[in-house]
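What follows is one structure encoded as structure tokens, with my remarks underneath.
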Amino acid sequence: MPHSFRMRAALAVLSGLVLALAFPRFDVNLMAWVALVPLLSAIDGAPPHRMFALGWLQGFACNVVGLYWITITLHTFAGVRIELAVLPMLLLAAVVALYTGAAVWTAGFVTTRIDVPIVVTFPIAWTALEWVRTYFPIGFPWNLLGYAAYRNLALIQFAEFTGVYGVSALIALFNVVVYVVVFQRERPRTQGIALATLSALVAAAWVFGAARLDELARARPAGTMRFAMVQGDIPQSLKWNPTFLETSFDVYVAQSEEAARLGADLTVWPEAAAAFFFQPDNRYPAAFAGDASFRQRLLNLAAQTRVPILFGAPALGVEDGRVGFYNRAYLVSGKGEVVDWYDKIQLVPFGEYVPLRSLLGGLVNRIVSGFGDMFPGRRQTMFNLNGAKLGVLICYESIFPHLASGAARLGANILVNITNDAWYGDSSAPYQLLAMAAMRSVETKLPMVRVANTGVSAVIEPSGEIVARTPLFKRGTEIERVAWRRGRTVYAMVGDIFAELCFVLTIVGLWFGVRQRPAAPTEVVEAPPLQVANGRPRL
């Protein structure tokens, strides 16, 4: 094992870079199953504070590669100079890396203090910190470890019990077992138990997954619906320019008329495809009176084609005396009437609102053009159509497992994800979002219709298989028949109980670790690569 911190740091960076290759667009998914081995080698025998630093370094390297698209977004669409646009990306990568550092430190600390094998502490701590990252402090569960396996359909079907967090735990366990067995970092009996346990879990996942895929293929649907996925391909530089509003709107009108001729049951436009304020009651302040005419034209379109339209549009609102707006999805019936709407609940930090505005408001410029912070939605709306219930996720919401499972609990039969990925250009971000959205279907066993302004639009089967995939930056309408089945998964009913259990076990481990006096003096210049306690090696 490495002795110098420089060598340890190099291994941690290598681990981060290899893990980054497992996610889109690189998509070398198998890398995830060994990417953490260099990190485990780096922390072996290191004192606790260096374990944290090495974990942070691994996370930072991985997230710089995974989040580079933020720089493109800021530079291209917000006009920030490239040398300044890189700073927010580096800051976010550094913040997200804190969770990796905390997971690595926690696993090492508990293993050292209470002599629990690293094959137990590492997967649990890693999963617990991924769950925390989903919610606290702002919620950014981007590229969780489990997403690297999104194309391995048979292996990931058990996510219907554990959510993506279970897949993360399995991959973390695989890495640590490979490490302790190959490098013999535990006594033979522990190695044998770890290897046998891993083999049994992987085999069980494969057998269950194969059976579930076969069942899904043979299942008789409860119903079907023909969706028209309208990919308008409106450039972000023109989208909110009033001069081009008429032209952009005409694109969606023409595509919707074509969808009606092709026999669509529902036409779906992307997030904010209606680039004007659409009010449910047709009441507009004088400054936005012109938007009322576009509203009426959209209602007339639905009535003339006799095909309902589900679309994204901003809407004005007032809360606590403040004027703001919502990122909203509407359903308009084939009679040209507003049926219902859904307001985006999980807003994008620093894009649709500024967290801790009193502290950060003066330092952060929002990416999204607008008139102020958006208001978050308060309820998940189920849209009833042709015997099915549609649960809508707007853009970024597709990476939050609890929103999809919440829709399933409310009776959703189909998930609809409307998004505007034009912000990201031809970067890896649209592909990463698609991969993460696919896991929502695996968790809930609900099909998903994903409609994006510039792509990637697709249908995701309940198995997580991505079909009817469109290329980026191609205008057109895809008509796809989507079948749904009835029933709820365990994950849809119980939510994040697996990840919450990992969190509880992590806290318990830390509590016992704090109570246990350290076995060795704390003043250590450089710990040896391998410590021996009770006649067996351990980290």
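Nothing in this text is a laboratory measurement; each read-out follows from the coordinates by a stated rule. Keep in mind that this is a model prediction, so the values were computed, not measured. Cβ: placed from backbone, ideal geometry, glycine included. Neighbour counts: every protein chain shown.
With a threshold of 22 Å on the Cα-Cα distance, the over-threshold entries among 239/344; 344/474; 344/389; 239/389; 239/335 are 344/474; 239/389; 239/335.
Placing pseudo-labels 7 Å out from each Cα toward the beta carbon at residue 322 and residue 306 gives an inter-label distance of 4.7 nm. Taking every C-alpha pair closer than 8 Å and separated by at least 6 residues, the mean separation divided by the residue count of the chain gives a relative contact order of 19 percent. On the beta carbon distance between residue 136 and residue 243, with R0 = 60 Å, the FRET formula returns roughly 0.90. Using Cα atoms only, what is the angle between the long axis of helix 164-182 and the major principal axis of the chain, expressed in degrees (0 to 90) to the nearest 10? Between helix and principal axis, roughly 30 degrees.
Would you kindly state how much longer the chain becomes between residue 335 and residue 289 on full extension, computed as 0.36 nm times their sequence separation minus their alpha carbon distance, in nm to one decimal?
On the way: separation 46, 0.36 × 46 = 16.56 nm, distance 2.36 nm.
Here the segment from residue 335 to residue 289 would lengthen by 14.2 nm.
Karplus-derived 3J(HN,Hα) values for the stretch 103-114, using 6.51 cos²θ - 1.76 cosθ + 1.60 with θ = phi - 60°, are 5, 5, 4, 4, 4, x, 5, 5, 4, 5, 7, 10 Hz; glycine and proline are entered as x. Taking a ≥ b ≥ c as the square roots of the Cα gyration tensor eigenvalues, with a/c under 1.5 meaning rounded and otherwise prolate when a/b beats b/c, else oblate, which class fits the stretch 178-239? In terms of gyration-tensor shape, oblate.
Note on the chain: helix-only mean residue ellipticity at 222 nm, from DSSP H runs of 4+ residues weighted -39500 (n - 2.57) and normalised by residue number, equals -15000 deg cm²/dmol.
Inter-part distance, the stretch 1-58 to the stretch 379-434, computed on C-alpha centroids, equals 33 Å.
Express the relative contact order of the stretch 223-484 as a whole percentage, based on alpha carbon pairs under 8 Å and six or more residues apart in sequence. The partial results should precede the final answer.
Numbers: 585 pairs, mean separation 57.4, N = 262.
Relative CO of the stretch 223-484 lands at 22 percent.
The slack between residue 494 and residue 479, meaning 0.36 nm per residue of separation minus the straight C-alpha distance, is 2.0 nm.
For the chain, the longest principal axis of the alpha carbon atoms and the long axis of helix 48-66 meet at an angle near 30°.
Taking 12 Å as the cut-off, the amide N atoms of the stretch 32-69 that come nearer than this to a point 7 Å along the Cα-to-beta-carbon line of residue 7 belong to 42.
With neighbours defined as other Cβ atoms within 10 Å of a residue's Cβ, the residues 445, 389 order from fewest to most as 389, 445. For the stretch 223-484, what class follows from the C-alpha gyration tensor (a ≥ b ≥ c being the square roots of its eigenvalues): rounded when a/c is under 1.5, otherwise prolate if a/b is larger than b/c, else oblate? Cα axes put the stretch 223-484 in the rounded bin.
Quick check on packing: order 200-211, 59-70 by the mean number of other C-beta atoms within 10 Å, highest mean leading.
Taking the mean over residues of other Cβ atoms within 10 Å, the ranking is 59-70, 200-211.
From least to most packed, judged by other beta carbons within 10 angstrom and beginning with the fewest, 436, 31 follow the order 31, 436. With each label modelled as a point 7 angstrom along the Cα→C-beta vector, the residue 200-residue 87 pair spans 5.5 nm. Relative intensity of the chain on a log10 scale, I(q)/I(0) at q = 0.06, 0.07, 0.11 Å⁻¹, equals -0.31, -0.42, -0.96, per a Debye sum over C-alpha point scatterers of equal strength in the absence of solvent.
In a DSSP loop and with at most 12 other Cβ atoms within 10 Å, the trypsin sites (Lys or Arg not before Pro) in the stretch 216-305 are 283.
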